[in-house]
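One structure below.
Any read-out appearing in this document is the output of simple, stated calculations on the displayed coordinates, not a laboratory observation. Source: prediction; values computed, not measured. Note that each Cβ is placed from the backbone with ideal geometry, even for glycine, and that neighbours are counted across all protein chains shown.
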Amino acid sequence: MQENTYFASSAEDIKIWDYSTLTVVNQFNPHTSFSGISSLCWSPTNDFLASAAGSGDKIVISAGKSIFFPLFDLAAGEKQTILHLNHNSQYLASGGFRNTVNIWELKSRSLYRSYKDHKDDVTCLRFDGNGSLLASGSMSGEIILHNVVNNLFSLPFGHGKLKPIRRLKYSSQKKYLLGSLSDIDTVTLWDANSQTCYHTFDHAHQALASDVCFCPKNDWLLATVGLDRRITLYDIFKKDLYTNVLAEAPLTAVDFSPDGLVLTVGTSCGKMYQYDLRMMTSPVRTVAAHTSSVQSIQFQHSKLSAKFCNKISSRRSSVFSVNKRASLKGNPNAGEGQNSNIGMCRRASLDVLSSMEKDFVKYMDLHITNLYGRSSLGDLFSPAREVFGTNKANGDFPAKGDGPTLATSGVTNSSTEKDADAVEGDGTGAALSSVQIDLIKDMIQESAEYVRQTCHQEIVHLQVEMIKQFHIQLNEMHVLLDVYSVNDDLVTEMEKLREENKRLQDTVTRLENPEKRSLYII
């Protein structure tokens, strides 16, 4: 784990913690609420922290590193209790007591869009990894997906009126995968592309499940906590419960560390526990964090992700400015009259480019693939584990088509370089067998295929959105043509008006001509 990695927790106030030592580096409360801080979100570059209170007094943007100070407020008095930032901090989504999801543009500090499709209070919301699709859940049991780029939205889906949606989280690995918690003893995974249920884990908790999170380094691992004091881990690929651990108090919040090795959980009595996934029998650290129930725990984004987020954001801005200059050069009047669909397509194209770059960076950043199965969490996450060990007889290979199974073992890129040296036969280690070399080649090929499929899916989604927009415009044009075009009723009305006008002209002419007027009188 890199040094100076922080995470934030909230209850009656906000505390910033040093991950390596579990000590408080800052403590502050930018809200006037007595009901606690209900929602936190770091910016992708970790430069600022957004917060909302349980009373919905306002949204506060606080900046800093080890010492934080409020920068500005949003949504004062709007009863916004939950929030989330998109992938480049361009938009902040918020919701709360007024059945409304609001999208705020941070640069102008103004309301960008407002959605009023929910029938009850909005309880949770989350941007996907591309930052364009927003999922929101409500007390009425509905989940609705909104595309903030083209202003389209999905039909509601979920569990029904008696099962309110309490938490929503997107997977950072499988971007289409959405996890939800509701007022039932199940944990549900949704396919956001088709808005259908991917899998339901029944009876996962014996009381209300309170929070859910996906592992940032392993696309098969999911964790939930609940008021039954259980930490439950799931295998998404096998669609099975992996293991669970019983804590000392009801659990209210959870988040993975950026390296995917440690779970930090908060309790209803204000304590926080840290569990190492290599030995889940008991917490490795315990601290009395707050005087009231921990409502949110949010780790900062990894340093590498923040670095590439800055690079991609600047690259997106430069591409957009070049396209804009080229458009204005070809048509001097294009600044005012550009078709909205052209702008939509350009932004969507940039989102596809950003997705491709992030997927490639993610693949290069993650650790060596776990080729030989896993017998326990300790074996999976052990920093001393070798890539090619005694487990190769297990024959537990990842299934093709699911993408690479990337493990968060302690084997780093330097170990890979050593293995490569061994293959070259420089005398520093035993040469790899032909079977092992073939397995490495297969791993690379599968990873490349996974990236290719992801890019292809993004392009297909873009094409579908463009077709939808074209159909919407076609329907609108037909309506306008029916209203404003020449038709039989309009022609008949015009003929009647002409006849009436001619009759009135004849009458006026007779009245103005004395001879004709006398004849008219006789």
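May I ask you to derive the FRET efficiency for Arg510 and Leu208 from their Cβ-Cβ distance with R0 = 56 Å, giving the value to the nearest 0.05?
That gives a FRET efficiency of 0.05.
If you project the alpha carbons of region 40-125 onto the principal axes, what extent comes out on each, in Å, largest first?
Cα spread of region 40-125 along its principal axes, largest to smallest: 40, 24, 20 Å.
Hey, how many Å between the Cα centroid of region 184-244 and the Cα centroid of region 258-287?
18
Working out 0.36 nm times the residue gap between Arg285 and Thr23, then minus their Cα-Cα distance, what length gain in nm do you get to one decimal?
This chain segment gains 93.2 nm when fully extended.
Report the label-to-label distance for Phe34 and Arg109 in nanometres (one decimal), using points 7 Å from each Cα along the Cα→Cβ vector.
According to this spin-label approximation, the distance is 2.9 nm.
Suppose R0 equals 22 Å; then what is the FRET efficiency for Leu162 and Lys468 from their Cβ-Cβ distance, rounded to the nearest 0.05?
0.10
So for Ser114, Ser296, Ser89, fewest C-beta neighbours within 10 Å to most, what's the order?
Fewest-to-most ranking of Ser114, Ser296, Ser89: Ser114, Ser89, Ser296.
Which of Met477, Met139, Met466 comes first, and how do the rest follow, when ranked by fewest Cβ neighbours within 10 Å?
Met477, Met466, Met139
Efficiency by 1/(1 + (r/R0)^6): what FRET value for Ser154 and Asp73, r their Cβ-Cβ distance, R0 = 41 Å, to the nearest 0.05?
The calculated FRET efficiency here is 0.85.
Amide H of Ser296: which non-local residues (sequence gap of 5 or more, or other chain) have their own amide H closer than 5 Å, using H built in the peptide plane?
Placed amide hydrogens put Ser10 under 5 Å from Ser296.
Determine, for Ser282, Ser10, Ser485, the number of other Cβ atoms within 10 Å of each Cβ, and report the residues in order from fewest to most.
Ser485, Ser282, Ser10
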